[in-house]
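Just so you know, all these numbers are worked out from the coordinates, no wet-lab data involved. Fair warning: this is a prediction, and the values are worked out from it, not measured in the lab. Glycine gets a Cβ as well: all are built from the backbone with ideal geometry, and neighbour counts include every protein chain shown.
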Amino acid sequence: MVTEEQAGTVEERLKCLILARYKSVSAFSEVIGLPNQTVVSILKRGVLNSGLGNVFKICAELGISADGLGHDEIIFYEKSEEPLNADEQELIRQYRALDAAGQRRIQRTLKGEYDDALASFQKDLPTAIGAG
């Protein structure tokens, strides 16, 4: 089987993602409530040649951005009921105002902070479990 990284078109990558999570395209189609032939057609004819409602159903189930899919990218998002607060919105605005080099610096810094926090959490986890 071709991996998502090896697949060329966004449709091929989408199919790889579906097959990585479901036993078949047919099983995935059943979960999202679309006829199997509709999903197969989207994967063959192209995402941009299909109805938006169908694309939204596919993206919602897989947790990916429909906008990203329209730009030949598979971009995952975290399903969240909680909207961004004002501080988070401002951080995103500032990040988007940076050039590519500035964004990379922010990404490296954030990854370092996140990795440190995760390592600390994982280190403390056995103690917290044992204390319960």
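Test of the criteria: in the stretch 1-72, which GluC sites (Glu not before Pro) are in a DSSP loop and have at most 11 other Cβ atoms within 10 angstrom of their Cβ?
5
Counting Lys +1, Arg +1, Asp -1, Glu -1, what net charge surrounds residue 111 among other residues with beta carbon under 14 Å of its beta carbon?
0
To the nearest 0.05, how large is the calculated FRET efficiency for residue 48 and residue 100 if R₀ is 30 Å and r is the Cβ-Cβ distance?
0.70
In terms of the Cα gyration tensor, with a ≥ b ≥ c the square roots of its eigenvalues, is the stretch 10-70 rounded because a/c is under 1.5, prolate because a/b exceeds b/c, or oblate?
Note, shape of the stretch 10-70 comes out rounded.
Taking a cut-off of 26 Å between Cα atoms, list the lysines near residue 111, but don't count ones fewer than 8 places away on the same chain.
The qualifying lysines are 79, 123.
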